[in-house]
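In what follows, a structure is listed as structure tokens, so that the remarks can point back to it.
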Amino acid sequence: MKLRKQVTVCGGAIFCVAVFSLYLMLDRVQHDPARRQNGGNFPRSQISVLQNRIEQLEQLLEENHQIISHIKDSVMELTDTGAVSPSGHLPFRSANGSWVLPFDGRPTFLAVKPQDCQLAVGNGDQADVQMLDVYSLLKFDNPDGGVWKQGFDITYEADEWDNEPLQVFVVPHSHNDPGWIKTFDKYFTDQTQHILNNMVVKLAEDPRRKFIWSEISFFSKWWETADIHKQEAVRKLILGGQLEIVTGGWVMTDEANVHYFAMIDQLIEGHQWLERNLGVTPRSGWAVDPFGHSATMSYLLKRANLTSMLIQRVHYTIKKHFASTRSLEFMWRQSWDTGSSTDMFCHMMPFYSYDVPHTCGPDPKVCCQFDFKRLPGGRINCPWKVPPKAIVEANVAERAQLLLDQYRKKSKLYRSKVLLVPLGDDFRYDKALEWDQQYINYQKLFDYMNSHPEMHVQAQFGTLSDYFNAMYKANGVAQGSRPADFPVLSGDFFAYADREDHYWTGYFTSRPFYKSLDRVIESHLRGAEILYSLAVANARHVGMDGRYPVSDYALLVDARRTVGLFQHHDAITGTAKENVVVDYGTKLLRSLIGLKRVIINAAHFLVMKNKEFYRFYQTEPFLETPLLMTYFSPPLSGRYLVLFNPIEQERLCVVTVLVNTVRVRVLTEDGQTLPVQLSAQWSSASQMSAEVFEATFMVRLPPLGLAVFHLYDSPDSPMTLRSDTLLRLSGRGVTARAADPLPVRSRQSDPQTFYSIKRKDDPQEVKVQMQFVVYGTRPSKDKSGAYLFLPDGKAKPYHQKESPAVRVVEGPLFSEVVAHYQHFQQTVRIHNVPGVDGLSADITTTVDIRDQTNKELAMRLVTDIQSGDVFYTDLNGFQMQPRQHYLKLPLQANFYPMPSQAYIQDSQHRLTLHTAQSLGVSSLESGQLEVIMDRRLMQDDNRGLGQGLKDNKKTVNRFRLLLESRSTGNKMMDSTTTSFPSILSHMTNAVLNHEVLALPVLPKRRGIPPLQTFAPLKSILPCDVHLLNLRSIQSQQDPHSPSPYTALILHRLALDCGLEAQNLGFNCTTTQGQLSVSGLFRDLDLQLLQPMSLTLMHPGTPLANDSSLSLDPMEISAFKLKLR
């Protein structure tokens, strides 16, 4: 493309003018006074210091059509004949209404090698079973299967085991939720500590007894209070194979709403704890309760060197299909894997639940008789009205025969003659009596079976790995290898239904406030880990580690564990009781405050020009970290501002701070004046503040770096420009109140507004309408609740009597439209910045449905993209999964989790909705995407919670809408099993999820010592490599202080290069996965470079320090570094 001396100041060659039409609705219902709770109003934002202000939620936007004519030209080109400023100053406004800015001057290039796109055009999926095919094949009818209601009658021949007896492993377990009906601490006090105390005593009574444990959050809390004798006893039980730690994560994580950063982090936290305290390396994964299963989990367990895994909550129709084809055990392969390196052996449980009635075999009426906690006289009984009987000499033959019949029937669903029979339920084995009831009665049954060879069975207690080892042995293969003829599967297991049309798709959105807060804190945690590791390494390098607050490590550990706890499948899912949710929120907020302290302490040390002047005072912080938006009252001498860029590429973006004067000037470290756009701070739709203003300026920040800026009060600078605001107000008597000196005009609002999105460089317009719609819930017995989405039919348009008040703000750096509706306000903002920030529309929707009853509010994008019934959603922010909308399924079955993005496409365009919080998404018609924003439900949905969702908060949902052209050379058929984002899309997601953090330097009586920009990277990272974490590893002696080692975790992104490349605003190159770590960090020496398993438990051979690492697309790799 000829450049013709064009300076594209605003957004590459594209600009999305995002465009939206809002309907909206919500029934007027009597007000339900939202109960005030002590955990109530947490701040909310993305990384820019919780910039998206819970308190200042008014500050938001939506599109109105006045703006379109101006924004269309927001990509400015200064050509030879270009406009000339009347005063000779930049920025200025040209005749066509668009702004001309001083150009940043630095050319940038994009050099993505064709080899780095191979995965996107690779030779697809080699799996025998592709879940997308299974979905299209099945009818999803629900015939009565007899005693196994959702299955079929199972028959067998009596002599089938004559040559090879049935091996049965009964695996006792107790499912401990780290928060659900009670808080984590209450569960521990009331139940968990007793389970573990009894375990130590009861397992020791008989070496044949076995037990498995999963949640390290509980186990570590118990360990800290256990005496040395108990600790020794546990080590002995593990060594003797009686106790097995399964999965070994901090929690049994949700798999729908969680981001892969946090999935990995909680797994590392659990495994590091085990390594230090028990010397244990988990071999088998155990996930009996997450509500649907993600392929990301099997990948992470594989990379953590586990060999096998188990899952349970899968749609009953899929379980039945897998049972009938004996495919319940399979090798789970990633859909992008062209070989078999990601294959993970997976066992799927066949029946309704993980409780005892649904685990011994197909007939719950029979199996319940073998749950000896339910013996007559206890607190729980069998709903099928036939109680268990204690095993005695007189009945053992008949009881053993009855149980064996169930075991044999269950084993007919699997390919080997080894059978897994879990024995447990929620918080079981908390009383010594239950240990005796279960273990003594079962041992009598086993002794009888094993002493009667004509029964052809060998039954015993076992751990999960005992089962897997026997299964591999029976098939004659090594642990973790594929037994002959076992199928290879790829895909995932969403959405989950446990019966009828009860789809668990509501929890993809339930309690969105906390889903959003979680991601803010994850971004802070990653930023704090990276800055802490760099600060400690730099302090060691200059011999100042004695003066640095290394003890901040304890705050990092606390935050890792709190974030880990919140990934639990009743926490981030929004499916816990209200007081438990408040407890999680309080813990998260405490961690956030701790993380901010870690960040300011690290930033303080790193920006000091002369480290000799560095002094750390606990009581006198050098920087401040506002929970809300950064607020300055610049004295005339000026204030310094440090900006932290948490992403691993250079970043050109706009930053907004609050100031108390309109006479503000912003300088870079070397004294250059930056253009500033001054805007009003709005307290309501039509009321602006007279004391506080927003100052927005464009900055270029080094990757993972800290840049220093100087703000001061100065007489008018030609570089400081005021936003122009137009208000469209509905109703009589409402007038705009302007605060001098910012200009405001107002007029009556239009009843209807429609928009289109048009790319600057594309002659073809893509129409995008934004609508708001509302779902009710069913009038009959089963209604939506925290888990289930059971709508009363299709969504209805959102309506309100008066048209919305709309505010249109225009200026040199950004323009935005804010629309105020009764139950939400929406901001659509477009940045006039070259690169990633300017290439997508920034959408913020603040939702408040606290006066509604049984309503769910959704945002629907309606376009003319010919997407048919196919759409794409991400799994855990790690990979994309193609989805298909099926008319044979009920509406609620077509919703999927959207942790980070969803897109639709045709041969010409791809439209991606990036999100900063996990929400439920679907595409119900060709060209549509719709997202459930919040749900308020007045009743329980009968899944054990016992409450509805009535604790809604005013919640900010943040998105980026990205429209891309698909290049004409790439018109081959899209793969049906894989899809990948473009490099621009990956960067857009990073920018949205990791906001710039603004850290004001506090004024000092003695003055501020000289500061300088901290740019830690000596060489640039390839732009398809994401630095997932730089995590200081704990000391083996003291878990609350760091060792000299750091874990470097890298993810090589897979790219779709079939989308037209844009100017990203930074130099983007790829290197076919080659990366040198020794040349990466400035001023630090690399003294160790060792490949590790993902959770750092299994070391590889150390590499030469100057080695080049080789990363494959999609792979996550971990390395142990020693930096100083």
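General observations
- Which numbered condition GLY491 fails, given (1) at negative phi; (2) in contact with a helix residue (DSSP H, G or I) (Cβ under 6 Å, 6 or more places away or on another chain); (3) modelled with pLDDT of 95 or more: (1)
- Every residue from the range 1070-1088 that is open to solvent by 40 Å² or more (accessible area, probe 1.4 Å), at positive phi and touching an Asp or Glu at 6+ places or on another chain (Cβ under 9 Å): GLN1072
- Selected residue (criterion: farthest from ALA537 (Cα to Cα)) from residues of the range 609-626 that are of a type outside the set (Ser, Thr, Tyr) and in contact with a strand residue (DSSP E or B) (Cβ under 7 Å, 6 or more places away or on another chain): GLU624
- Boolean, ASN610 is more than 22 Å from the chain's Cα centre (by Cα), more than 26 Å from PRO512 (Cα to Cα) and either surrounded by 24 or more Cβ atoms within 10 Å (Cβ to Cβ) or not acidic (Asp, Glu) (or both): yes
- With a requirement of 1 or more residues that are of a type in the set (S, T, N, Q) and crowded, with 23+ Cβ neighbours inside 10 Å, the strands (runs of 3 or more DSSP E) lying completely within the range 925-1009 that satisfy it span 955-965.
- When the residues of the range 738-769 are filtered to those that are open to solvent by less than 30 Å² (accessible area, probe 1.4 Å) and closer than 30 Å to VAL692 by Cβ, the one that is modelled with the lowest pLDDT is THR753.
- Single residue of the range 175-233 satisfying the filter (of a type in the set (Ser, Thr, Tyr) and part of a helix (DSSP H, G or I)) that is nearest to the chain's Cα centre (by Cα): SER217
- With a requirement of 1 or more residues that are under 30 Å from HIS986 (Cα atoms), the strands (runs of 3 or more DSSP E) lying completely within the range 605-709 that satisfy it span 639-644, 651-659, 676-682, 688-701.
- Output for the range 904-927, where each listed residue is closer than 17 Å to PHE508 by Cβ and of a type outside the set (Gly, Ala, Ser): LEU913, HIS914, THR915, GLN917, LEU919, VAL921, LEU924
- Enumeration of residues in the range 869-895 that are over 14 Å from the mean Cα position of the chain (by Cα) and of a type in the set (Ser, Thr, Tyr): TYR872, TYR886
- Scanning the range 689-721 for residues that are open to solvent by less than 20 Å² (accessible area, probe 1.4 Å), over 15 Å from PHE632 (Cβ atoms) and modelled with pLDDT under 90 gives a single hit, SER717.
- Residues that are surrounded by 23 or more Cβ atoms within 10 Å (Cβ to Cβ) and either of a type outside the set (Val, Ile, Thr) or out of contact with any strand residue (DSSP E or B) (no Cβ under 6 Å at 6 or more places or on another chain) (or both) within the range 530-551 comprise LEU531, TYR532, SER533, LEU534, ALA535, VAL536, ALA537, ASN538, listed in sequence order.
- When SER174, SER85 are checked against the criterion of being of a type in the set (Ser, Thr, Tyr) and either at pLDDT below 85 or open to solvent by 60 Å² or more (accessible area, probe 1.4 Å) (or both), a single residue qualifies: SER85.
- In the range 234-263, of all residues being assigned to a helix (DSSP H, G or I) and over 30 Å from ASN989 (Cα atoms), the one that is farthest from the chain's Cα centre (by Cα) corresponds to LYS236.
- Qualifying residue in the range 463-485 (condition: assigned to a helix (DSSP H, G or I), surrounded by fewer than 20 Cβ atoms within 10 Å (Cβ to Cβ) and touching a Pro at 6+ places or on another chain (Cβ under 6 Å)): yes
- ALA1118, sole failed condition from (1) part of a loop (DSSP other than H, G, I, E, B); (2) more than 13 Å from PRO1022 (Cβ to Cβ); (3) not acidic (Asp, Glu): (1)
- Positions within the range 770-791 being touching a Ser or Thr at 6+ places or on another chain (Cβ under 6 Å) and open to solvent by 10 Å² or more (accessible area, probe 1.4 Å), in sequence order: THR777, LYS783
- In the range 794-816, residue farthest from TYR775 (Cα to Cα) [restricted to those that are open to solvent by less than 30 Å² (accessible area, probe 1.4 Å) and acidic (Asp, Glu)]: GLU810
The values are calculated or read from the model by the stated rules, or taken from the named source; none is laboratory data. No experiment lies behind these values; they were computed from the predicted model shown. Methodologically, a virtual Cβ is constructed for each residue, glycine included, from the backbone with ideal geometry; neighbour enumeration extends over all protein chains shown. Heads up: the accessible areas ignore ligands, DNA and RNA and are worked out on the full protein's heavy atoms, side chains in. Shrake-Rupley method; radii C 1.70, N 1.55, O 1.52, S 1.80 Å.
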